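Chemist: Here you go, one structure.
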Amino acid sequence: MEKTGSKLTDLTDLELVHLAMEQNQAAFIVLYTRYNAGVKNHISRYIAQKEDVEDICLESFQKAFSQIESYNPEYKFSTWLYRIARNTAFDYLSKQHREMAKMPTMSINEEIAELKELPATMHNPEEDIIQQQEYDKWLTNIEKLKDDYRIVAKMNLIDNFGYKEIADALDMPLNTVKTKIRRAKAMLLRMMDYSDELL
């Protein structure tokens, strides 16, 4: 589908989803970067506290990525993702209402039933700039890794080589490659200030 070395940020949502289904971690990161702000804004329509919005946003992405196989390409990825975020927010509200106000769950379900289909997210040049800046920052941080980690990170996250391809190319045991990539991603996520729970 994708040529080695091509930029993931240039791919469509559907192409990224296909890569994500193959457990391409970089595809997850690009999707996260592309929709993180939008998901937070959407959740903010229902949730007031910023800390809660952050938590619900992360939980929404975790749910989406854990059930990426269930995504139906007949619908926009953004619509599917925003629906998960909305439902996660309403789950949170439902729990809060039951615990604090002892309101019946039905009131939340009625609100959900009244919601209309989400419009497709608007695309604007500013988002392109932000995405490019994030990608450039990602590449810069990869260059800061120590030799072994930098090499495997580049091959896996930029060039889209699989674990076995990397192991064969570097004459390295497969488990060693997996460990190095996992550690490299953890270091990169800390550099990028992303939660390592995302991956």
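Chemist: How do the peptides 86-92, 74-80 rank, highest first, by the average count of neighbouring beta carbon atoms within 10 Å per residue?
Modeler: Numbers: 86-92: 19.3, 74-80: 15.6.
Per-residue mean Cβ counts within 10 Å order the peptides as 86-92, 74-80.
Chemist: Follow-up. Using 18 Å as the Cα-Cα cut-off, could you pick out the over-long pairs in 40/144; 76/185; 144/178; 40/185; 7/40; 146/185?
Modeler: As for pairs spanning more than 18 Å Cα to Cα, those are 40/144; 76/185; 144/178; 40/185; 7/40.
Chemist: Suppose R0 equals 45 Å. What FRET efficiency, 1/(1 + (r/R0)^6) with r the Cβ-Cβ distance, do residue 172 and residue 48 give to the nearest 0.05?
Modeler: 0.35
No value in this document is a laboratory result; all are computed from the given coordinates. For clarity, every value in this text was computed on a predicted model and none was experimentally measured. Every residue, glycine as well, gets a Cβ built from its backbone with ideal geometry; the counts of neighbours run over all protein chains shown.
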